[in-house]
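S.K.: Encoded as structure tokens, here's the structure I'll be asking about.
The values are calculated or read from the model by the stated rules, or taken from the named source; none is laboratory data. Here the structure is a predicted model, which means the values were calculated and not measured. Glycine also receives a Cβ, built like all others from the backbone with ideal geometry; neighbour counts cover every protein chain displayed.
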Amino acid sequence: MNPATALAATFTDELVRCGVTEAVLAPGSRSTPLALALDEASRAGRLRLHVRIDERSASFLALGLARASGRPVPVLCTSGSAAANFHPAVTEAAESGVPLLLLTADRPPELRGTAANQTIDQIKLYGSAVRWFCEVGVPEARPGMAAYWRATVCRAVAYATGAEPGPVHLNLPFREPLVPDGDPSWPDDLGGRPGGAPWTAAAAPAARPVELPGTPRGVLVVGDGTTDPAPFVAHAHAHGWPILSEPSGNARRGPNAVSAYHHVLGTPEFAERHRPEAVVSVGRPGLSKPLLAYLRTAEEHVVVSGTEHWPDPTRTATRAVRSAGPWAGEAADPAPSGPPSPWLADWLAAEKAARAVVDAVLDGPGAPEEPRLARDLAAAIPDGGLLFAGSSQPVRDLDLAMAPRTGLRVIANRGTSGIDGSVSGAAGCALAHQAAGGGPAYALIGDLTALHDQNGLVIGPGEPVPDLTIVVVNNDGGGIFSGLPQARLPGPFERLFGTPHGVDFAALAAATGTPYERVRPGGLTAAPPGAGLRLLEVRTDRAGAEEARARLAEAATRAVRETL
């Protein structure tokens with residue numbers, strides 16, 4: 001057995017022993033040994049392998065698989081610029097705490113720095129974005145290598161899933177031959193521990209009890225993140241606190257949910273009269289400027305984080321506490337034990353008034369089309385479904401308009417809040433969600449986001465295909481910029497920020513063989529089970545979108561004022 005084949009077989013076996021069930025690769029020559037080993041494991045039913053022709057798409061597919069499952073997912077590429085194309089997914093995984101295993105094949109040391117074909121400096125290529133980097137070294141046919149390789153895999157998985165979960169980079173230089181030579185001999189035993197156990201068992205981080213304030217004038221804020229919100233939702237119910245949850249916080253449910261918090265806190269009189277004694281924030285809040293401003297008014301701000309790097313964009317945290325544990329679904333919300341306290345009653349009255357106005361405006365003439373679409377889609381997805389929200393305008397429209405509900409998991413790439421790889425990331429989330437028994441998945445993304453990752457629609461024959469409906473909001477450009485000060489510069493605005501493209505999404509879908517349908521903003525219906533991958537285009541008017549959102553905000557603010 002040649003050294004490259006031996007390392008690849010041992011590495012792949014140990015990955016499976018460490019709990020890896022999904023793997024992704026992009027084709028290349030230098031990565032051949034690991035590609036063949038992963039394919040053999042896939043054929044044996046030990047893991048599920050996904051192949052993508054574009055490294056950026058492959059890395060975001062792996063990111064989505066790892067984010068939705070909570071398990072480490074390796075993604076493999078060849079040497080050179082292929083590895084550089086992983087970098088956007090690496091930064092998102094780093095900021096979101098997603099366990100991504102980056103396996104980059106490389107040229108051996110004697111070919112580096114010589115202008116050899118397809119060779120770049122891959123040592124610590126991703127800098128501080130990874131939790132651990134290891135230059136594995138060129139495999140050699142000598143005793144002791146199997147223990148080194150297996151221990152390295154276990155250490156990589158431990159770093160990726162430990163107290164500070166995130167991406168890990170293993171750089172793997174190979175000398176030729178890169179394919180099996182038919183010789184089974186090796187100077188040492190390549191086998192692993194008995195019973196399929198990992199070479200080194202690393203204990204998972206233990207959950208830590210969290211001490212939270214019990215003041216009656218408290219507020220729970222749930223932002224994007226992987227911390228399970230259920231115990232904090234229970235704390236809020238027990239103490240009569242309102243719950244202000246972003247869509248991907250997955251706590252916008254139950255009797256204490258204030259889904260219209262953006263409008264409620266955007267009413268200065270309400271925010272001033274309802275200064276909190278304590279705020280507990282879980283995850284990474286960042287969608288609503290009124291909410292971020294409200295955090296500055298709290299006497300005590302407790303930030304709950306799964307790592308030592310707690311999110312505190314307003315620099316208002318008075319205490320940061322650790323709470324280990326991934327997103328674990330919904331806990332049953334307790335029924336109210338009695339009438340709400342005056343504090344909670346004020347919030348619920350404002351929520352009822354604002355919610356009624358938001359729905360009335362969205363159902364009336366001249367309604368803001370995109371918030372209405374977001375609200376209706378979130379309501380239409382069957383229980384057990386998943387919604388991937390694009391990080392530009394779609395997730396903000398969900399935040400503005402999504403009503404409280406149970407049975408829906410919302411995911412967004414809010415670590416770096418980029419639009420990179422969203423089609424591929426949504427596909428990965430859907431595949432992992434459905435592998436775990438979940439229902440159909442949807443993605444709500446903008447047109448520029450879809451174009452940025454149109455290669456995510458390229459899925460080869462025989463590859464696992466997600467049950468995923470991608471809803472593209474096409475306003476022919478970057479609609480989110482219309483709400484920024486740049487929009488007041490009519491001369492350069494359209495070319496530099498609006499960026500109209502005129503792309504025919506029907507033709508784009510046809511080019512990739514993706515079923516396509518154009519629907520009206522109010523014409524969305526749930527996909528039938530097993531519909532597979534399909535693309536729905538909803539065309540909206542960018543020119544009047546911000547004026548319509550402003551009218552919505554004004555109407556909601558008036559309604560909140562009337563409750564004071």
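S.K.: Quick one: Ala204 ticks every box in (1) within 24 Å of the chain's Cα centre (by Cα); (2) surrounded by fewer than 20 Cβ atoms within 10 Å (Cβ to Cβ); (3) not in a loop (DSSP other than H, G, I, E, B); (4) not aromatic (Phe, Trp, Tyr) except a single one, so which number is it?
M.R.: (3)
S.K.: In the stretch 478-493, which residues are more than 30 Å from the chain's Cα centre (by Cα), of a type outside the set (Phe, Trp, Tyr) and assigned to a helix (DSSP H, G or I)? Walk me through how you get there before you give the answer.
M.R.: At the first step, the residues of the stretch 478-493 found to be more than 30 Å from the chain's Cα centre (by Cα) are 488-493.
Subset that is of a type outside the set (Phe, Trp, Tyr): 488-492.
Across the stretch 478-493, the qualifying residues are Arg488, Pro490, Gly491, Pro492.
S.K.: Return the pair list, or none, for Cβ contacts closer than 6 Å from residues in the stretch 88-101 that are among the β-branched types (Val, Ile, Thr) to residues that are modelled with pLDDT under 95, at least 6 apart or on different chains.
M.R.: Thr91/Thr416
S.K.: Go through the stretch 154-167 and count every residue that is over 16 Å from Gly64 (Cα atoms) and either outside any loop (DSSP other than H, G, I, E, B) or small (Gly, Ala, Ser) (or both). I'd like the intermediate steps shown before the answer.
M.R.: In the first step, residues of the stretch 154-167 are kept if they are over 16 Å from Gly64 (Cα atoms); the result is 154-159, 162-164.
After this cut, where a residue has to be either outside any loop (DSSP other than H, G, I, E, B) or small (Gly, Ala, Ser) (or both) as well, the list is 154-159, 162-163.
Within the stretch 154-167, residues that are over 16 Å from Gly64 (Cα atoms) and either outside any loop (DSSP other than H, G, I, E, B) or small (Gly, Ala, Ser) (or both) number 8.
S.K.: Pick out the one residue from Leu65, Leu49, Leu61 that is outside any helix (DSSP H, G or I) and either out of contact with any helix residue (DSSP H, G or I) (no Cβ under 7 Å at 6 or more places or on another chain) or touching a residue at least 24 places away in the same chain (Cβ under 8 Å) (or both). Let's see the steps before the verdict.
M.R.: Values: Leu65 fails: outside any helix (DSSP H, G or I); Leu61 fails: outside any helix (DSSP H, G or I).
Only one candidate passes the filter, namely Leu49.
S.K.: So Val233 passes all but one of these: (1) over 22 Å from the mean Cα position of the chain (by Cα); (2) hydrophobic (A, V, I, L, M, F, W, C); (3) outside any loop (DSSP other than H, G, I, E, B). Which condition number does it fail?
M.R.: (1)
A quick yes/no check of all residues on (1) assigned to a helix (DSSP H, G or I); (2) under 19 Å from Ala374 (Cα atoms):
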{"residue": "Leu508", "(1), (2)": "yes, no"}
{"residue": "Thr514", "(1), (2)": "no, no"}
{"residue": "Ala531", "(1), (2)": "no, no"}
{"residue": "Leu536", "(1), (2)": "no, yes"}
{"residue": "Glu546", "(1), (2)": "yes, yes"}
{"residue": "Ala553", "(1), (2)": "yes, yes"}
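S.K.: Further question on the same structure: Given the conditions (1) in the same structural domain as Gly439 (by TED's automatic domain parsing); (2) over 30 Å from Gln434 (Cβ atoms); (3) in contact with a helix residue (DSSP H, G or I) (Cβ under 8 Å, 6 or more places away or on another chain), which single one is not true for Leu533?
M.R.: Every listed condition holds for Leu533 apart from (2).
S.K.: Using the structure shown, decide if Leu36 is surrounded by fewer than 19 Cβ atoms within 10 Å (Cβ to Cβ), under 23 Å from Ser81 (Cα atoms) and hydrophobic (A, V, I, L, M, F, W, C). Talk me through it step by step, then tell me what you get.
M.R.: On the way: surrounded by fewer than 19 Cβ atoms within 10 Å (Cβ to Cβ): yes; under 23 Å from Ser81 (Cα atoms): yes; hydrophobic (A, V, I, L, M, F, W, C): yes.
So Leu36 passes the test.
S.K.: Suppose we filter Glu40, Glu92 for residues that are charged (D, E, K, R), over 21 Å from Cys134 (Cβ atoms), in contact with a Leu (Cβ under 7 Å, 6 or more places away or on another chain) and assigned by TED's automatic domain parsing to the domain that holds Val153; which single one remains?
M.R.: Working: Glu40 fails: in contact with a Leu (Cβ under 7 Å, 6 or more places away or on another chain).
After ruling out the rest, the residue left standing is Glu92.
S.K.: Follow-up. Would you point out which residue out of Val465, Val473 is more than 28 Å from Leu25 (Cβ to Cβ), touching a Gly at 6+ places or on another chain (Cβ under 8 Å), of a type in the set (Val, Ile, Thr) and assigned by TED's automatic domain parsing to the domain that holds Pro371? Reasoning before the result, please.
M.R.: Details: Val465 fails: more than 28 Å from Leu25 (Cβ to Cβ).
Criteria check complete, one pass: Val473.
S.K.: Further question: Would you point out which residue out of Glu562, Glu546, Glu537 is of a type in the set (D, E, K, R) and in contact with a Ser or Thr (Cβ under 6 Å, 6 or more places away or on another chain)?
M.R.: That would be Glu546, the only listed residue that is of a type in the set (D, E, K, R) and in contact with a Ser or Thr (Cβ under 6 Å, 6 or more places away or on another chain).
S.K.: When you go through (1) part of a helix (DSSP H, G or I); (2) without any contact (Cβ under 8 Å) to a residue 60 or more places away in the chain one by one for Arg520, which number turns out not to apply?
M.R.: Single failed check for Arg520: (1).
S.K.: Could you tell me whether Ser245 is closer than 22 Å to Asp399 by Cα and at pLDDT 95 or above? Don't jump to the end; show me each part of the working.
M.R.: Details: closer than 22 Å to Asp399 by Cα: yes; at pLDDT 95 or above: yes.
Criteria met by Ser245.
S.K.: Restricting to the stretch 253-296, give me the number of residues that are free of Cβ contacts under 8 Å to residues at least 60 places away in the same chain and of a type in the set (A, V, I, L, M).
M.R.: Total satisfying the criteria: 4.
S.K.: Here is a further query. Checking Ile459 against (1) touching a strand residue (DSSP E or B) at 6+ places or on another chain (Cβ under 9 Å); (2) outside any loop (DSSP other than H, G, I, E, B); (3) at pLDDT 90 or above: exactly one of these is not met. Which one?
M.R.: Status for Ile459: all satisfied but (2).
S.K.: Any idea which residue in the stretch 74-88 is surrounded by the most Cβ atoms within 10 Å (Cβ to Cβ), counting only those that are touching an Asp or Glu at 6+ places or on another chain (Cβ under 7 Å) and either over 17 Å from Cys134 (Cα atoms) or charged (D, E, K, R) (or both)?
M.R.: Taking the stretch 74-88 first, the residues touching an Asp or Glu at 6+ places or on another chain (Cβ under 7 Å) are 77, 79, 82, 85-86, 88.
Those left that are additionally either over 17 Å from Cys134 (Cα atoms) or charged (D, E, K, R) (or both): 82, 85, 88.
On the way: Ala82: 24, Asn85: 17, Pro88: 19.
That would be Ala82.
S.K.: Could you pull out the residue among Arg518, Arg539, Arg534 that is more than 22 Å from Arg396 (Cβ to Cβ), under 26 Å from the mean Cα position of the chain (by Cα), among the basic types (Lys, Arg) and modelled with pLDDT of 85 or more? Give the derivation first.
M.R.: Details: Arg518 fails: under 26 Å from the mean Cα position of the chain (by Cα); Arg539 fails: more than 22 Å from Arg396 (Cβ to Cβ).
Arg534 is the lone residue from the list that is more than 22 Å from Arg396 (Cβ to Cβ), under 26 Å from the mean Cα position of the chain (by Cα), among the basic types (Lys, Arg) and modelled with pLDDT of 85 or more.
S.K.: Could you pull out the residue among Glu272, Glu277 that is touching a Lys or Arg at 6+ places or on another chain (Cβ under 6 Å) and charged (D, E, K, R)? Give the steps one after another, and end with the answer.
M.R.: Values: Glu272 fails: touching a Lys or Arg at 6+ places or on another chain (Cβ under 6 Å).
Among Glu272, Glu277, only Glu277 is touching a Lys or Arg at 6+ places or on another chain (Cβ under 6 Å) and charged (D, E, K, R).
S.K.: Which pairs turn up if I take residues in the stretch 237-252 that are of a type in the set (Phe, Trp, Tyr) and look for partners that are assigned to a helix (DSSP H, G or I) and at pLDDT below 95 with beta carbon separation below 9 Å, at least 6 apart in sequence or on another chain?
M.R.: Trp241/His235
S.K.: Counting residues that are of a type outside the set (Val, Ile, Thr) and more than 23 Å from Val519 (Cα to Cα), which strands (runs of 3 or more DSSP E) fully inside the stretch 384-449 reach at least 1?
M.R.: Numbers: elements: 385-389, 408-412, 441-446.
Strands (runs of 3 or more DSSP E) meeting the threshold: 408-412.
S.K.: Any residue at all in the stretch 495-505 that's in contact with a Phe, Trp or Tyr (Cβ under 8 Å, 6 or more places away or on another chain), surrounded by 14 or more Cβ atoms within 10 Å (Cβ to Cβ) and within 18 Å of Arg375 (Cβ to Cβ)?
M.R.: Going through the stretch 495-505, the residues in contact with a Phe, Trp or Tyr (Cβ under 8 Å, 6 or more places away or on another chain) turn out to be 497-498, 505.
Remaining after also requiring surrounded by 14 or more Cβ atoms within 10 Å (Cβ to Cβ): 497-498, 505.
Right, trim to within 18 Å of Arg375 (Cβ to Cβ) and you get none.
Within the stretch 495-505, none of the residues are in contact with a Phe, Trp or Tyr (Cβ under 8 Å, 6 or more places away or on another chain), surrounded by 14 or more Cβ atoms within 10 Å (Cβ to Cβ) and within 18 Å of Arg375 (Cβ to Cβ).
S.K.: What is the number of the single condition among (1) assigned to a helix (DSSP H, G or I); (2) in contact (Cβ under 8 Å) with a residue 40 or more places away in the chain that Ala367 does not meet?
M.R.: Every condition holds for Ala367 apart from (1).
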